[in-house]
Structure formats: structure tokens, C-alpha cells
1. Need at least 3 residues that are β-branched (Val, Ile, Thr) and over 16 Å from residue 263 (Cα atoms) per element, so show me which strands (runs of 3 or more DSSP E) inside the stretch 1-95 make the cut, counting only ones lying wholly within it.
2. Scanning for something hydroxyl-bearing (Ser, Thr, Tyr), in a strand (DSSP E or B), at pLDDT 95 or above and under 17 Å from residue 42 (Cβ atoms), does the stretch 111-130 turn up at least one residue?
3. Would you point out which residue out of 181, 206 is exposed (fewer than 15 other Cβ atoms within 10 Å of the Cβ), more than 18 Å from the chain's Cα centre (by Cα) and not β-branched (Val, Ile, Thr)?
4. Please determine whether any residue of the stretch 132-150 is part of a loop (DSSP other than H, G, I, E, B) and in contact with a Leu (Cβ under 8 Å, 6 or more places away or on another chain).
5. In the stretch 74-98, what residues are in contact (Cβ under 8 Å) with a residue 60 or more places away in the chain and either over 24 Å from residue 147 (Cβ atoms) or of a type outside the set (Ser, Thr, Tyr) (or both)?
6. Out of everything in the stretch 54-73 that is acidic (Asp, Glu) and under 23 Å from residue 148 (Cα atoms), what residue ends up being farthest from the chain's Cα centre (by Cα)?
7. Need the failing condition index for residue 128 against (1) under 17 Å from the mean Cα position of the chain (by Cα); (2) crowded, with 19+ Cβ neighbours inside 10 Å, just the number.
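The values are calculated or read from the model by the stated rules, or taken from the named source; none is laboratory data. Quick caveat: nothing in here was measured; it's all calculated off a predicted structure. Cβ sites come from the backbone with ideal geometry, for glycine too, and all protein chains shown count toward neighbours.
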Amino acid sequence: MNQQFDVVALGELLIDFTQNGNSGQGNPLLEANPGGAPCNVLAMLQKLGKKTAFVGKVGDDMFGRQLKTVAEGAGINLAYLVMDPAAHTTLAFVQTFPNGDRDFSFYRDPGADMLLTADEVPEDAIAHSRIFHFGTLSMTHPGVREATKKAVAAARAGGAIVSFDPNLRPPLWASLEDAREQIAWGLGQCDVLKIADNELEFMTGETDFDRGAAILREKYPNIKVFNVTAGPDGSYSYYGDKRVFVPGFTLGGTIETTGAGDTFCACVLNFVLEHGLEGLTEADLARMLRFANAAAYIVTTRKGAIRSMPEREQVEAICGG
């Protein structure tokens with residue numbers, strides 16, 4: 001009998017090198033933080049008591065082994081993680097600006113995560129999960145794109161809820177048109193969407209969230225819960241004829257925003273696991289966004305992602321229970 005997971009995610013597991021001070025000679029010291037959006041999402045879900053599994057590939061090198069140890073320590077099931085002795089683990093170098101925003105430089109040509117093949121996709125585990133989550137870093141190249149589409153097909157065939165986060169990283173795409181095409185494919189597959197403000201503008205040309213959301217909701221009526229994140233300003237949820245906005249938490253202490261969107265996404269998926277997708281009220285949506293905003297804020301006050309996820313009690317303390 002297949003083990004049923006609450007959430008299975010497919011995609012990248014990588015090292016985020018972030019600056020952590022300077023050496024005595026004035027050179028930047030880089031800290032090797034375990035990350036990768038899908039695993040960040042799963043790490044937060046584990047903190048909320050959910051059972052998760054990750055599908056992906058890392059190199060059988062020092063970084064791949066570090067990632068495996070950390071993800072296992074977070075409680076994520078890694079039965080479907082492939083350790084590739086012939087590939088290097090993908091590395092991301094993160095430049096953080098004074099406001100906490102980031103710029104990425106990737107060492108991924110190729111990186112192990114983009115070498116996942118369709119044959120390595122565990123269709124049964126995905127089909128028997130409650131939610132399947134994916135992004136577009138697993139859609140930048142033909143082989144891993146095929147694997148991602150096979151996984152989504154398995155999820156849909158098994159009746160799993162499909163969750164999508166575009167997570168646009170322009171440097172990783174051969175062209176922005178290719179990125180736009182693959183994001184559009186993901187939008188057409190998902191039940192739950194988390195899209196950032198810049199990604200909404202990228203896909204619609206609209207800076208007005210309501211207009212941008214209306215364009216995509218009309219084009220992709222399959223999306224039941226349509227969430228837009230606007231960084232520290234807060235987040236929006238569009239559901240049926242409802243529109244809810246909840247401001248972000250600006251309590252100070254922000255160091256960097258790595259993992260904040262993934263934390264938000266995890267909290268939304270946790271809400272869906274506990275409440276379903278049908279008959280949600282404005283009060284439900286507001287409660288969902290408030291908790292997700294609070295958790296995301298906490299992560300911005302810490303370095304890294306997988307090891308920075310807050311406990312439920314810490315989030316409730318900020319958002320008032």
C-alpha cells in the first residue's frame with residue numbers, strides 16, 4: 001500500500017550562499033544556507049505537523065550530502081531524492097540589498113536539479129498525495145520539464161490538489177518568452193496559486209493587482225484560490241467573487257527575504273489541508289492570509305530558509321492566535 005503524504009513537492013534543492021559579514025581582509029564571508037523553494041515549502045509544512053515528501057536530484061557531493069542531512073532533519077521524506085554522482089549540486093549566490101530584496105547568481109550549467117528525468121518521477125506517491133506542489137525552476141530545461149509535466153499529470157489523475165508558484169528567476173531561462181510560456185502552462189494546471197506582484201505584472205503587464213488577477217482568473221478558471229503576494233505590503237486572495245487583502249507585518253528586524261514567499265505558500269497549503277477548497281468565507285481567507293503573512297515576516301528576520309521556519313506558536317503569537 002502506498003504511503004499517503006499531505007504534500008509532495010518536486011523541484012530544486014540547492015545551496016543559497018548568503019553574505020554573513022566580512023573577513024579580516026575585508027572579503028565577504030558566505031554562509032552555505034540549505035534552500036530551494038519546494039523544500040522550503042515542505043519544511044514549513046513539517047513545522048505545522050504535516051507529512052511531506054520531496055522529489056528531486058542533488059549531486060552526490062559535499063553540498064548534496066549537506067542538503068540531504070538538513071532536509072531529513074526537517075522531517076521531509078527523501079525516499080524520492082536522487083543523489084547523482086556525475087552531477088554537481090546547484091548553487092545560488094544571493095546578494096542582499098539594504099531593504100532585504102535579493103539578486104541571484106546561479107551555478108547551474110548543468111546543476112543536478114535540472115537533470116531529473118521522467119523515469120525518476122514516483123507517480124504512485126504523487127497520485128496518492130493530498131496536494132502536489134511545483135514551480136518553474138523544474139521547467140527551464142526539456143528533460144526536467146518532461147519530469148514535471150509527468151508529475152502534474154499523475155497528481156491530476158490521482159485527484160490531488162495541484163499547487164503552483166511561478167517563482168520566476170530570469171537568469172535561468174533561455175528567454176523570457178520561454179519563461180512566460182511555461183508559467184502559462186503551470187497556471188492552466190493548478191487549483192491553488194501563489195504569485196508574486198512582479199510575476200503578476202510579468203504575465204499581464206498590469207501593475208494593478210485587481211486588474212492583473214482578473215485577467216488571469218478569466219483565462220484560467222481552474223484556479224480556485226488565487227493569492228498575490230506584495231512583499232512587506234501584504235497579500236491578496238481572490239476566491240469566487242471574494243477579494244481579501246491583509247497587510248503585512250512590519251515589526252522591524254528584517255534581514256533578508258529568502259524563503260518568505262515559500263513560507264507564505266506553505267501556510268496557505270496548510271490552510272487548504274485543514275479547511276478544503278470549498279465554501280471558504282472572507283473571514284477564512286483573511287485568517288489564512290494573516291497567518292501566512294506572519295510566518296513569512298518571521299522568516300525575513302532570520303538567515304536562510306529551511307532551518308529558519310518558525311513554530312506554529314511563534315506565528316500565532318505575532319498574528320494574535
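1. Qualifying strands (runs of 3 or more DSSP E): none found.
2. Among the residues of the stretch 111-130, not one is hydroxyl-bearing (Ser, Thr, Tyr), in a strand (DSSP E or B), at pLDDT 95 or above and under 17 Å from residue 42 (Cβ atoms), which makes the answer no.
3. 181
4. yes
5. 74, 77, 81, 91, 92, 93, 94, 95, 96
6. Top of the filtered list is 60.
7. Of everything listed in (1) under 17 Å from the mean Cα position of the chain (by Cα); (2) crowded, with 19+ Cβ neighbours inside 10 Å, residue 128 misses just condition (1).
For every residue, the table says whether it meets (1) in contact with a His (Cβ under 7 Å, 6 or more places away or on another chain); (2) surrounded by fewer than 20 Cβ atoms within 10 Å (Cβ to Cβ); (3) of a type in the set (Phe, Trp, Tyr).
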site	(1), (2), (3)
61	yes, yes, no
72	no, yes, no
92	no, no, no
111	yes, no, no
